[in-house]
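Student: Structure incoming, see below.
The values are calculated or read from the model by the stated rules, or taken from the named source; none is laboratory data. Keep in mind that this is a model prediction, so the values were computed, not measured. Note that each Cβ is placed from the backbone with ideal geometry, even for glycine, and that neighbours are counted across all protein chains shown.
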Amino acid sequence: MANWHWFDSREAMVTALTSAISTRLAAAIATGRRASWAVSGGSTPAPLFQAMQNEPLPWNAIDVALVDERWVALNHPRSNEAFVGANLRGGKAVAATITGMKTDQAAAVEAVTVVNMRYNRLVQPFDSILLGLGPDGHTASLFPGAEGLAAAFDPAADTCVALKAIRSEVTGDEVERMSLSAAAIARAPHVTLMVTGAHKKQVLDEALQPNSDLPVGRLHKMKPFDVYWAP
C-alpha cells in the first residue's frame with residue numbers, strides 16, 4: 001500500500017512536502033557530505049520549488065538533478081531544466097547546483113553514456129526524489145508502451161536511460177526523453193509523488209491495483225513511495 005498524505009488544499013500539501021524534503025536534505029548534510037535531490041518538471045511542483053527557496057538550508061551543499069527531460073534545448077518552453085531553474089533557483093536556494101540531462105547530442109539515445117557520467121558525479125542514491133504523475137499513468141518519463149521501457153525497468157539498469165514515447169496529447173511532440181531508471185529511483189531512501197486533482201487520484205488508484213501494468217504502479221511495486229495529494 002502507498003503511504004498517502006491527504007490535504008484539504010495545495011498550500012497545505014506544499015507546506016508538508018517542503019518540511020519533509022528539507023528534513024531529508026538537512027540530515028544528509030549533517031553527516032558531512034553533499035545532499036542530492038532529484039526533481040520533476042511539469043506545472044504541479046512550481047509552488048513547492050518556490051516554497052523551497054525560503055528554506056534555511058546550506059544550498060551550496062545541495063545538488064539538484066532532473067528526474068527526466070524532454071530532448072529539447074534549454075531555451076525551449078517545455079524544457080524541464082529551464083522550468084526548475086526558473087522556479088527553484090532564487091532566494092536562499094540561489095546557491096544550489098542544478099544538474100540537467102540535455103546534451104549536444106542530437107538524440108537522447110546517443111547521450112546515455114555522457115549523461116550517466118554526469119550523474120555519477122552526484123551523491124547516489126539520491127537523498128530524496130520528487131516524482132509527478134501523468135494522466136496516462138506515467139511518472140518520470142516512464143511512459144506506457146515507450147521504446148526503452150523494458151530496459152528502464154531492468155533492476156540492473158544504469159542511473160539514466162533513454163526512452164522514446166508513443167506520441168499522445170500527454171507527450172506532445174517531444175517523444176524523445178532521458179529519465180532516471182526505475183532502479184535508480186527505487187534505490188533512493190525517500191521518494192515522494194506529488195499529485196493534485198480527482199482525475200489523477202483515480203489514475204493512481206487504478207495503477208496501484210495488483211493487476212495494473214501502468215508504469216507508476218510498476219514503480220511502486222519496486223519502491224513504495226509517499227503520495228502527497230490535494231484537490
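Student: Checking the structure you have, find out if any residue of region 40-55 is exposed (fewer than 14 other Cβ atoms within 10 Å of the Cβ), of a type outside the set (Ser, Thr, Tyr) and either in contact with a Cys (Cβ under 9 Å, 6 or more places away or on another chain) or under 23 Å from Glu11 (Cβ atoms) (or both).
Tutor: Here is the first cut: in region 40-55, the ones exposed (fewer than 14 other Cβ atoms within 10 Å of the Cβ) are 43, 54.
This time we only want the ones that are of a type outside the set (Ser, Thr, Tyr), so: 54.
Subset that is either in contact with a Cys (Cβ under 9 Å, 6 or more places away or on another chain) or under 23 Å from Glu11 (Cβ atoms) (or both): 54.
Scanning region 40-55 turns up at least one residue that is exposed (fewer than 14 other Cβ atoms within 10 Å of the Cβ), of a type outside the set (Ser, Thr, Tyr) and either in contact with a Cys (Cβ under 9 Å, 6 or more places away or on another chain) or under 23 Å from Glu11 (Cβ atoms) (or both).
Student: Just give me the residues in region 178-231 being over 12 Å from the mean Cα position of the chain (by Cα), part of a loop (DSSP other than H, G, I, E, B) and among the aliphatic types (A, V, I, L, M), in sequence order.
Tutor: Once the filter is applied, which keeps residues that are over 12 Å from the mean Cα position of the chain (by Cα), part of a loop (DSSP other than H, G, I, E, B) and among the aliphatic types (A, V, I, L, M), region 178-231 yields Leu208, Leu214.
Student: In region 199-226, which residue that is hydrophobic (A, V, I, L, M, F, W, C) and more than 17 Å from Trp6 (Cβ to Cβ) is surrounded by the fewest Cβ atoms within 10 Å (Cβ to Cβ)?
Tutor: Step one: filter region 199-226 for residues hydrophobic (A, V, I, L, M, F, W, C), giving 203-204, 207-208, 214, 216, 219, 222, 225.
So of that shortlist, the ones also more than 17 Å from Trp6 (Cβ to Cβ) come out as 207, 214, 216, 219, 222.
On the way: Ala207: 21, Leu214: 22, Val216: 29, Leu219: 24, Met222: 14.
Filtering first and then ranking leaves Met222.
Student: Give the residue, chosen from Glu81, Glu55, that is under 18 Å from Met194 (Cβ atoms), among the charged types (D, E, K, R) and at pLDDT 95 or above.
Tutor: Selected residue: Glu55, the only one of Glu81, Glu55 that is under 18 Å from Met194 (Cβ atoms), among the charged types (D, E, K, R) and at pLDDT 95 or above.
Student: Follow-up question, since we're still on this one. Do the conditions hold for Asn87, that is, is it within 27 Å of Thr196 (Cβ to Cβ), touching a Gly at 6+ places or on another chain (Cβ under 7 Å) and of a type outside the set (Val, Ile, Thr)?
Tutor: No: the conditions fail for Asn87.
Student: Can you tell which of Ala162, Ala152, Ala146 is in contact (Cβ under 8 Å) with a residue 40 or more places away in the chain and either closer than 21 Å to Gly100 by Cα or crowded, with 17+ Cβ neighbours inside 10 Å (or both)?
Tutor: One residue alone meets the criteria, Ala162.
Student: Give the residue, chosen from Asp136, Asp158, that is part of a loop (DSSP other than H, G, I, E, B) and closer than 13 Å to Val115 by Cβ.
Tutor: That would be Asp158, the only listed residue that is part of a loop (DSSP other than H, G, I, E, B) and closer than 13 Å to Val115 by Cβ.
Student: Right, next: Out of Val72, Val84, Val112, I need the residue that is under 16 Å from the mean Cα position of the chain (by Cα) and either surrounded by 20 or more Cβ atoms within 10 Å (Cβ to Cβ) or not basic (Lys, Arg) (or both). Which one?
Tutor: The unique qualifying residue is Val84.
Student: Looking at Thr139, Thr171, Thr99, which one is touching a helix residue (DSSP H, G or I) at 6+ places or on another chain (Cβ under 7 Å), surrounded by 17 or more Cβ atoms within 10 Å (Cβ to Cβ) and either in contact (Cβ under 8 Å) with a residue 60 or more places away in the chain or not aliphatic (A, V, I, L, M) (or both)?
Tutor: Step by step, each of Thr139, Thr171, Thr99 is checked, and only Thr139 is touching a helix residue (DSSP H, G or I) at 6+ places or on another chain (Cβ under 7 Å), surrounded by 17 or more Cβ atoms within 10 Å (Cβ to Cβ) and either in contact (Cβ under 8 Å) with a residue 60 or more places away in the chain or not aliphatic (A, V, I, L, M) (or both).
Student: List every residue pair whose Cβ atoms lie under 8 Å apart, where the two residues are 6 or more positions apart in sequence or sit on different chains, the first residue falls within region 108-126 and is more than 29 Å from Ile21 (Cα to Cα), and the second residue, located anywhere, is aliphatic (A, V, I, L, M) and surrounded by 15 or more Cβ atoms within 10 Å (Cβ to Cβ).
Tutor: Short answer, once both residue conditions are applied: Ala108/Ala162; Ala108/Leu163; Ala108/Met178; Val109/Ala162; Ala111/Met101; Ala111/Ala162; Ala111/Met178.
Student: So in region 177-231, with the set limited to residues that are in contact (Cβ under 8 Å) with a residue 40 or more places away in the chain and touching a Cys at 6+ places or on another chain (Cβ under 8 Å), which one is farthest from Val109 (Cα to Cα)?
Tutor: Ala184
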